[in-house]
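J.: A single structure is presented below for examination.
The values are calculated or read from the model by the stated rules, or taken from the named source; none is laboratory data. Fair warning: this is a prediction, and the values are worked out from it, not measured in the lab. In this analysis, Cβ positions are derived from the backbone assuming ideal geometry, glycine residues included, and neighbour counts consider all displayed protein chains.
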Amino acid sequence: MSYGLTDEQRLIAETARDFVDKEVIPRARESDRAERFDADLARQLGEMGYLGAPVAEEYGGRGLDYVTYGLIVEEVGRGDSAQRTVVSVQTSLVCGSIERWGNEEQKQRWLPKLCSGESFGCFGLTEPDTGSDAASVRTRAEKTDNGWRINGQKMWISLGNVADVALIFAQTDPSKGHRGMACFLVPTDTEGFSSQEVHGKLGLKASDTASLGLDGVEVGDDALMGEIGDGFKIAMSALDLGRYSVAAGCVGICQGCVDASVAYSTERKQFGVPIASFQLVQAMIADMVVRRDAARALVRRAGELKDAGEPSTVETSVAKLYATESSVECANLAIQVHGGSGYVDDHPVERYLRDARVTTLYEGTSQIQKLIIARDATGINAMTPPKPE
Ligand SMILES: Cc1cc2nc3c(=O)[nH]c(=O)nc-3n(C[C@H](O)[C@H](O)[C@H](O)COP(=O)(O)OP(=O)(O)OC[C@H]3O[C@@H](n4cnc5c(N)ncnc54)[C@H](O)[C@@H]3O)c2cc1C
């Protein structure tokens, strides 16, 4: 779907496609098998300008529009969702938040290193007891003479073991609810900060996932991003960008499923003919193509709204819901097209399914996206049910 793209956007997408074919795809299976986060490859993404692509050039980014960023993320997602997670977290959740909410000193200190891939950052919102209900974080930040003391735990944090800086969302005044939330830029070498690897994941095995401990972590006033009470707004604005990126990555998974299924079904013969000759196999491929195209169009719409500076929260949720669910569906169909061969990692399709599965969970589950979409349609907020009398 290259209609409506400028020559520059096409060129950037082609360059990303070449890079992914040459550098990302050949390493994806081994990293997945070894459950190894490939930091060198992640840094290469930075060298290519793919970490922080929409960040302004003065802070080390490329100043690209969101449609172009989506094209890059799609390509990386086609190659390896573990590396796509690096792009999404670093660019959308971390750099995007610092660029929008950070002061000049914070931007100068962190953005150039994050955009180049010299440093990694992580986004610490989720906790063992706080997932979809993000406003109820229990991590506590208490004022000290010189700054803040933070205590708490974070769970499921991508890049948490390799990050140099963590965005930590904490409650400063429990009586204020989400209006008491604040966001802190915490250097991960601060005393009292610890991380542990999360093992046993279904997919995204080559992505770094951590639980974080904050045990009396002391930071200065200069670590506070935005104002006290901005934490919830920062988290929601970050997720708006993050969901766009996840959706774009899932278009890449759908594309990868189509590519693999067409290649396999035109080669593999049964009953004396390529299996692509069978109408039931063609039907599966057609379903994948339709889902890929529809997901891509929804991602494009969300990107164009972002580029125009117009509200895009609902459209981003629509794109995220549809693209993530479609990536699961396409990967499932792609395995079916491959028969038994789709069940082992000689082909990428079983990894696509395992990696796609998490995308309907993180950055807001599919249920949460539906609640956002239907709240807009009906004017009724069904996110928080009435409490029992
Ligand atoms: C591999 C991985 C990487 C991650 N990376 C990060 C990261 O970098 N940073 C970060 O902060 N978090 C991260 N997460 C956490 C992720 O965002 C959460 O898992 C997600 O928000 C869901 O929260 P939960 O797991 O606590 O599920 P819960 O909120 O407990 O939800 C469980 C079920 O209940 C449903 N549910 C909950 N509330 C409602 C409601 N109001 N109405 C209807 N249904 C509801 C959900 O849809 C879901 O089906 C990651 C998770 C994974 C698995």
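J.: So, in the stretch 161-173, how many residues would count as being surrounded by fewer than 17 Cβ atoms within 10 Å (Cβ to Cβ) and either part of a strand (DSSP E or B) or in contact with a Ser or Thr (Cβ under 6 Å, 6 or more places away or on another chain) (or both)?
T.: Matching residues across the stretch 161-173 total 1.
J.: Which of the residues spanning the stretch 131-160 are polar (S, T, N, Q) and buried (at least 20 other Cβ atoms within 10 Å of the Cβ)?
T.: Scanning the stretch 131-160 gives THR139, SER158.
J.: Out of the residues in the stretch 257-294 that are in contact with an Asp or Glu (Cβ under 8 Å, 6 or more places away or on another chain) and surrounded by fewer than 19 Cβ atoms within 10 Å (Cβ to Cβ), state the one that is farthest from ALA356 (Cα to Cα).
T.: Going through the qualifying residues, I end up with PRO274.
J.: Same structure again: Can you find, within the stretch 174-225, the residue that is farthest from TRP156 (Cα to Cα) among those that are free of Cβ contacts under 8 Å to residues at least 40 places away in the same chain, among the acidic types (Asp, Glu) and assigned to a loop (DSSP other than H, G, I, E, B)?
T.: Filtering first and then ranking leaves GLU191.
J.: If you don't mind, another one. Restricting the first residue to the stretch 22-42 and requiring it to be more than 11 Å from ASP80 (Cβ to Cβ), which pairs with a second residue that is part of a helix (DSSP H, G or I) and of a type in the set (A, V, I, L, M, F, W, C) meet a Cβ separation below 8 Å and a spacing of at least six or different chains?
T.: PHE37/ALA82
J.: Hey, another quick one. Within the stretch 343-388, take every residue that is within 23 Å of the chain's Cα centre (by Cα) and β-branched (Val, Ile, Thr) and give me the one that is farthest from the ligand (Cβ to nearest atom).
T.: VAL349
J.: Could you grab me the full set of residues in the stretch 93-137 that are in contact with a strand residue (DSSP E or B) (Cβ under 6 Å, 6 or more places away or on another chain), in a loop (DSSP other than H, G, I, E, B) and farther than 23 Å from TYR66 by Cα?
T.: LEU125, THR126, PRO128, VAL137
The rows are residues; the columns are (1) over 13 Å from the mean Cα position of the chain (by Cα); (2) within 13 Å of the ligand (Cβ to nearest atom); (3) surrounded by 24 or more Cβ atoms within 10 Å (Cβ to Cβ); (4) under 30 Å from ILE335 (Cβ atoms).
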| position | (1), (2), (3), (4) |
| --- | --- |
| HIS199 | yes, yes, no, yes |
| GLU218 | yes, no, no, no |
| ALA238 | no, yes, yes, no |
| SER245 | no, yes, yes, yes |
| CYS254 | yes, no, yes, yes |
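J.: Same structure, new question: Assuming LEU321 fulfils every condition listed in (1) within 20 Å of SER158 (Cβ to Cβ); (2) surrounded by 23 or more Cβ atoms within 10 Å (Cβ to Cβ); (3) within 12 Å of the ligand (Cβ to nearest atom) apart from one, which condition is it?
T.: Tallying (1) within 20 Å of SER158 (Cβ to Cβ); (2) surrounded by 23 or more Cβ atoms within 10 Å (Cβ to Cβ); (3) within 12 Å of the ligand (Cβ to nearest atom), LEU321 fails exactly one: (1).
J.: Any idea which residue in the stretch 145-167 is nearest to the ligand (Cβ to nearest atom), counting only those that are over 26 Å from GLU35 (Cβ atoms) and in contact with a strand residue (DSSP E or B) (Cβ under 7 Å, 6 or more places away or on another chain)?
T.: The residue in question is GLY152.
J.: Additional query: Taking the stretch 369-389 as the search range and keeping residues that are charged (D, E, K, R) and part of a loop (DSSP other than H, G, I, E, B), which one is surrounded by the most Cβ atoms within 10 Å (Cβ to Cβ)?
T.: Across the stretch 369-389, the extreme among qualifying residues is LYS387.
J.: Applying the selection to the stretch 348-362, what residues are within 17 Å of LYS201 (Cα to Cα), in contact (Cβ under 8 Å) with a residue 24 or more places away in the chain and outside any helix (DSSP H, G or I)?
T.: TYR362
J.: Of all residues in the stretch 135-164, count the ones that are within 27 Å of ILE372 (Cα to Cα) and touching a Gly at 6+ places or on another chain (Cβ under 9 Å).
T.: 9
J.: When you go through THR126, THR139 one by one, which is the residue that is within 20 Å of ARG243 (Cβ to Cβ), at pLDDT 95 or above and within 15 Å of the ligand (Cβ to nearest atom)?
T.: Step by step, each of THR126, THR139 is checked, and only THR126 is within 20 Å of ARG243 (Cβ to Cβ), at pLDDT 95 or above and within 15 Å of the ligand (Cβ to nearest atom).
J.: I'm checking my understanding of the structure. Among residues of the stretch 64-107 that are of a type in the set (Gly, Ala, Ser) and farther than 25 Å from ALA297 by Cβ, which one is farthest from the chain's Cα centre (by Cα)?
T.: Step by step, filter the stretch 64-107, then rank; the result is GLY102.
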